[in-house]
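The values are calculated or read from the model by the stated rules, or taken from the named source; none is laboratory data. Computed from a predicted structure; not experimentally measured. In this analysis, Cβ positions are derived from the backbone assuming ideal geometry, glycine residues included, and neighbour counts consider all displayed protein chains.
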Amino acid sequence: MDALFEAEFSPLSDSGRLLSKCGKCLRYVRYISTQPSRLYCGTCEEIYYIPQKGTIKLYKELTCPLDNFELLIFSMPGPEGKSFPLCPFCYNSPPFEGIETLFGAAKTGSAVKPGKGAGMPCFLCPHPTCQYSMISQGVCACPECNGTLVLDPVSAPKWRLYCNMCNCLVFLPEGAHRISTTRDHCPECDSTIIEVDFNKKTTPLKDGATLHVGCVLCDELLHSLVVMKHGKSFSRHRGRGRGRGRGRRGGRGRGSRKQEDPKMSFHGF
Ligand SMILES: [Zn+2]
Ligand SMILES: [Zn+2]
Ligand SMILES: [Zn+2]
Ligand SMILES: [Zn+2]
Ligand SMILES: [Zn+2]
């Protein structure tokens, strides 16, 4: 209520820049840059808090499949700053029970501090059918913490994975045209299979082929092309429980995590 009052009586609510479409009224919401920066929908008279200390842009006019709000990309400053999509509505009202536990866990190791309220960027979104969620964009377990390495969707041409909890970064083959996650999982380690469309000129594949599909940990070629930053090892042989062995398998993969990880207890949604 406080926040609403503040926005209504601030001249900035008129002068803020139009940023993205509100999923409720389909008009543009304004970006108010004074601290704490936030979005304001004048039609709905709603405030949406967003992450602070970074830049925020429209994300390719994509919309959240849950509430129709246009997605935004938030970029933290610096060459190693993460960029991540978020839905203004989900960020402020995460559509999942028990999500606060997840935030609690995420906040400790992370530089991502929501303005006010909970703050659920898409990389923490556990919705199984949202194509921007952690479930779709997550690739494998972070070798350094309990987080998940997710594909940075706007990192081209310096494609990379970042951890949704710590500052672990993994650089993927540079200069690839496109790198995307698939719906398939590695039979060896349960990581998400990724698809890499290499640049014609720099492709490491035979006969100038450009398309390669594989697991970042188990595929010889992909694994030889990735570089890990802020972490000691990035290998299924040394990481926590990423090995081939029967007993160690399955605990960290996305598909099987619901039994073991209390953070994912809302997985069945
Ligand atoms: Zn609205
Ligand atoms: Zn949403
Ligand atoms: Zn989502
Ligand atoms: Zn991590
Ligand atoms: Zn694998």
For this session: Please enumerate the residues belonging to the stretch 29-85 that are assigned to a loop (DSSP other than H, G, I, E, B), at pLDDT 95 or above and touching a Ser or Thr at 6+ places or on another chain (Cβ under 6 Å).
Result: none
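Pick out the one residue from Cys122, Cys145 that is more than 16 Å from ligand 5 (Cβ to nearest atom) and closer than 19 Å to Thr182 by Cβ.
Values: Cys145 fails: closer than 19 Å to Thr182 by Cβ.
When all the criteria are applied, what remains is Cys122.
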For this session: Scan the stretch 178-189 and report the pairs whose first residue is closer than 13 Å to Cys140 by Cα and away from ligand 2 (no atom under 16 Å from the Cβ) and whose second residue is in a strand (DSSP E or B) and charged (D, E, K, R), with Cβ atoms within less than 7 Å and a gap of 6+ or a chain change.
Result: Thr182/Glu195
Seminar exercise, completed: Apart from one, (1) surrounded by fewer than 15 Cβ atoms within 10 Å (Cβ to Cβ); (2) acidic (Asp, Glu); (3) within 15 Å of ligand 4 (Cβ to nearest atom) all hold for Asp152; the odd one out is (1)
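Listed here are the residues, each with its yes/no results for (1) modelled with pLDDT of 85 or more; (2) more than 30 Å from Ala209 (Cα to Cα); (3) in the same structural domain as Leu217 (by TED's automatic domain parsing).
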position	(1), (2), (3)
Pro94	no, yes, yes
Ala118	no, yes, yes
Leu124	yes, yes, yes
Thr148	yes, yes, yes
Leu151	yes, no, yes
Ala176	yes, no, yes
Arg183	yes, no, yes
Ile194	yes, no, yes
Problem set entry | Enumeration of residues in the stretch 32-58 that are surrounded by fewer than 15 Cβ atoms within 10 Å (Cβ to Cβ) and touching a Lys or Arg at 6+ places or on another chain (Cβ under 6 Å) | Thr43, Cys44
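Look through the stretch 122-132, keep the residues that are assigned to a loop (DSSP other than H, G, I, E, B) and surrounded by 24 or more Cβ atoms within 10 Å (Cβ to Cβ), and return whichever of them is farthest from ligand 3 (Cβ to nearest atom).
If we filter the stretch 122-132 for residues that are assigned to a loop (DSSP other than H, G, I, E, B), which is where we start, we get 125-132.
Add one more test, that the residue is surrounded by 24 or more Cβ atoms within 10 Å (Cβ to Cβ), and what stays is 125-126, 132.
Details: Cys125: 3, Pro126: 8, Tyr132: 5 Å.
The qualifying residue farthest from ligand 3 (Cβ to nearest atom) is Pro126.
Residues are listed down the side, and each one gets a yes or a no for (1) within 22 Å of Ser136 (Cβ to Cβ); (2) away from ligand 2 (no atom under 13 Å from the Cβ):
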site	(1), (2)
Thr34	no, yes
Pro51	yes, yes
Glu61	yes, yes
Asp67	yes, no
Glu70	yes, no
